[in-house]
Amino acid sequence: MGFKNTKERYNRLSITLHWLMVLLIAAVYAVIELKGIYPRGSEPREAMKMWHFMLGLSVLLLVLIRIFVRFSSGKAPVITPAIANWQAMLAKVVHLSLYALMLGLPIAGWFILSLSGKPIPFFGLELPALATENKELAKTVKEIHETAGKVGYALIGLHAVAALFHHYIRRDSTLKRMLPGK
């Protein structure tokens, strides 16, 4: 896989990581939403929660790799035709916010489990607690985590709509830079 961006496209590793993250984040949201259809304490509900934790921690692992690749792969490909400065600035804010959520939400989830005194499952491993048990603080962190997750829906939607707007309405290279292929 190529590791350096070209003038027109992101490198293959960045593209692969981006679309893998799309699928992974969709799965994280899906399992936590599906959890609600099962009764409290039921086996399927607990399984959905466990998958939410493990997939969320996978997001954390992959976003750390993505950040390393982003800083190692050179300058971002140019958008042609060029976009307005306000659009470039808004895109940066949305991207930084998405990265903050991809880092912050899994860490908050890890803290919630730690503060609740629960095991932290990760595909057959049990990760160490990040803090000692404190159920009151766990409730507060959980509220923040849930609110940030709702903000994530809006940011992801904005990101997707903007990509489609640039592709179909403006007809620039914004989306083409990140599409698989070639």
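The values are calculated or read from the model by the stated rules, or taken from the named source; none is laboratory data. Every value quoted in this text rests on a predicted model; they were computed, and no experiment measured them. Cβ coordinates were reconstructed from backbone atoms using ideal geometry, including for glycine residues, and neighbour counts include every protein chain displayed. With ligands, DNA and RNA removed, areas are computed over all heavy atoms of the protein, side chains included. Shrake-Rupley method; radii C 1.70, N 1.55, O 1.52, S 1.80 Å.
What the table shows:
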| quantity | calculated |
| --- | --- |
| Odd one out for Ala27, checked against (1) without any contact (Cβ under 8 Å) to a residue 12 or more places away in the chain; (2) under 29 Å from Thr140 (Cβ atoms); (3) of a type outside the set (Lys, Arg) | (1) |
| Filter result for the condition that a residue is open to solvent by less than 60 Å² (accessible area, probe 1.4 Å) and among the aliphatic types (A, V, I, L, M), over Ile112, Ile37 | Ile112 |
| Pick from segment 62-110, criterion outside any helix (DSSP H, G or I) and of a type in the set (Ser, Thr, Tyr), ranking: farthest from Asn134 (Cα to Cα) | Thr80 |
| Qualifying positions in segment 155-182 - open to solvent by less than 70 Å² (accessible area, probe 1.4 Å), closer than 20 Å to Leu96 by Cα and free of Cβ contacts under 8 Å to residues at least 60 places away in the same chain | Gly157, Ala160, Ala163, Leu175 |
| In segment 134-182, the residues that are charged (D, E, K, R) and more than 21 Å from the chain's Cα centre (by Cα) | Lys135, Glu136, Lys139, Arg170, Arg171, Asp172, Lys182 |
| Residue within segment 118-134 that is out of contact with any Asp or Glu (no Cβ under 6 Å at 6 or more places or on another chain), closer than 23 Å to Arg177 by Cα and crowded, with 16+ Cβ neighbours inside 10 Å present | no |
| One residue from Ala26, Ala47, Ala76 being over 22 Å from Val161 (Cβ atoms) and open to solvent by less than 70 Å² (accessible area, probe 1.4 Å) | Ala47 |
